1. Report yes if GLN148 is open to solvent by 30 Å² or more (accessible area, probe 1.4 Å) and in a strand (DSSP E or B), otherwise no.
2. Residue under question is PRO51, and the condition is that it be in a loop (DSSP other than H, G, I, E, B), on the phi < 0 side of the Ramachandran plot and not basic (Lys, Arg); does it hold?
3. Return the total of residues in segment 30-48 being of a type in the set (D, E, K, R) and in a loop (DSSP other than H, G, I, E, B).
4. For the subset of segment 85-105 comprising residues that are in a strand (DSSP E or B) and of a type in the set (A, V, I, L, M, F, W, C), which member is farthest from the chain's Cα centre (by Cα)?
5. Going through segment 116-126 one residue at a time, which ones are open to solvent by 70 Å² or more (accessible area, probe 1.4 Å) and touching a residue at least 12 places away in the same chain (Cβ under 8 Å)?
6. Filter segment 6-29 down to residues that are open to solvent by 70 Å² or more (accessible area, probe 1.4 Å), part of a helix (DSSP H, G or I) and in contact with a strand residue (DSSP E or B) (Cβ under 9 Å, 6 or more places away or on another chain), then give me how many there are.
7. Specify the residue that is most open to solvent (accessible area, probe 1.4 Å); the eligible residues are those in segment 161-181 that are of a type in the set (D, E, K, R) and assigned to a strand (DSSP E or B).
8. Taking the options LEU158, LEU74, name whichever one is farther than 27 Å from PRO19 by Cα, assigned to a strand (DSSP E or B) and open to solvent by less than 50 Å² (accessible area, probe 1.4 Å).
Amino acid sequence: MARHGFGRGEYQYFSDPLPEPIQALREGLFPRLSPLANRWHELLGIETRYPDELAVFLQRCHAAGQTLPTPLMLRYGPGDYNCLHQDLYGEHVFPLQVAILLSRPGRDFTGGEFVLTEQRPRMQSRAEVVPLQQGQGVVFAVRERPVQGNRGTYRVHLRHGVSRIRSGERVTAGIIFHDAA
């Protein structure tokens with residue numbers, strides 16, 4: 001991470017074929033999330049719609065040259081962190097992704113909170129810490145999400161990251177649904 005300016009720690013993308021548990025999560029979560037993704041796009045006035053099956057969406061990615069799988073493992077040790085960022089890897093981006101904590105907070109590591117920031121129009125950014133326990137996941141926006149305001153729906157931009165690890169080792173699986181160029 002450090003050599004790319006992303007923070008400190010290690011990340012490794014899985015290659016095809018994906019490990020069975022990762023593939024099963026990706027295929028199982030996608031049809032549950034695509035209706036929400038379609039609703040968000042409708043509210044934001046974005047024409048792109050998503051199919052019910054991951055394989056159909058990945059065909060769209062592959063036709064555009066996005067053929068590299070994006071699910072990954074992230075490993076952080078003492079002093080490591082992940083800078084606020086967005087996981088954008090090409091023209092076709094599924095608007096939701098999932099992070100699953102594989103380590104036990106308080107026992108395996110301390111610190112290392114999952115952090116989201118919302119950049120709201122004409123307002124200060126807002127941070128949110130998502131407290132996860134081992135085996136729990138968080139579904140979050142890759143880039144933006146709709147928010148209902150007094151004058152209708154507006155777009156909020158998001159970034160995510162991990163605060164500094166104080167001790168131990170934190171391991172996370174990242175399930176990203178679009179492939180990379």
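The values are calculated or read from the model by the stated rules, or taken from the named source; none is laboratory data. Only a predicted model underlies this, so the values are computations on that prediction, with no experimental measurement involved. For neighbour counting, all protein chains shown are included, and Cβ atoms are generated from backbone atoms with ideal geometry for every residue, glycine included. Quick note on the areas: whole protein, heavy atoms, side chains included, nothing else; ligands and nucleic acids left out. Shrake-Rupley method; radii C 1.70, N 1.55, O 1.52, S 1.80 Å.
1. Yes: the conditions hold for GLN148.
2. Details: in a loop (DSSP other than H, G, I, E, B): yes; on the phi < 0 side of the Ramachandran plot: yes; not basic (Lys, Arg): yes.
The answer is yes for PRO51.
3. Keep residues of segment 30-48 that are of a type in the set (D, E, K, R), which gives 32, 39, 42, 47.
Filter once more, keeping what is in a loop (DSSP other than H, G, I, E, B): 47.
Summing the residues that are of a type in the set (D, E, K, R) and in a loop (DSSP other than H, G, I, E, B) in segment 30-48 gives 1.
4. Pass one, segment 85-105, residues in a strand (DSSP E or B): 85, 96-101, 105.
After this cut, where a residue has to be of a type in the set (A, V, I, L, M, F, W, C) as well, the list is 96, 98-101.
Details: LEU96: 6, VAL98: 5, ALA99: 6, ILE100: 10, LEU101: 12 Å.
The selected residue is LEU101.
5. Once the filter is applied, which keeps residues that are open to solvent by 70 Å² or more (accessible area, probe 1.4 Å) and touching a residue at least 12 places away in the same chain (Cβ under 8 Å), segment 116-126 yields only GLN119.
6. Here the count works out to 1.
7. Initially, segment 161-181 is screened for residues of a type in the set (D, E, K, R), giving 164, 166, 169-170, 179.
Now drop any that are not assigned to a strand (DSSP E or B), which leaves 166, 170.
On the way: ARG166: 160, ARG170: 8 Å².
That would be ARG166.
8. Working: LEU74 fails: farther than 27 Å from PRO19 by Cα.
Among LEU158, LEU74, only LEU158 is farther than 27 Å from PRO19 by Cα, assigned to a strand (DSSP E or B) and open to solvent by less than 50 Å² (accessible area, probe 1.4 Å).
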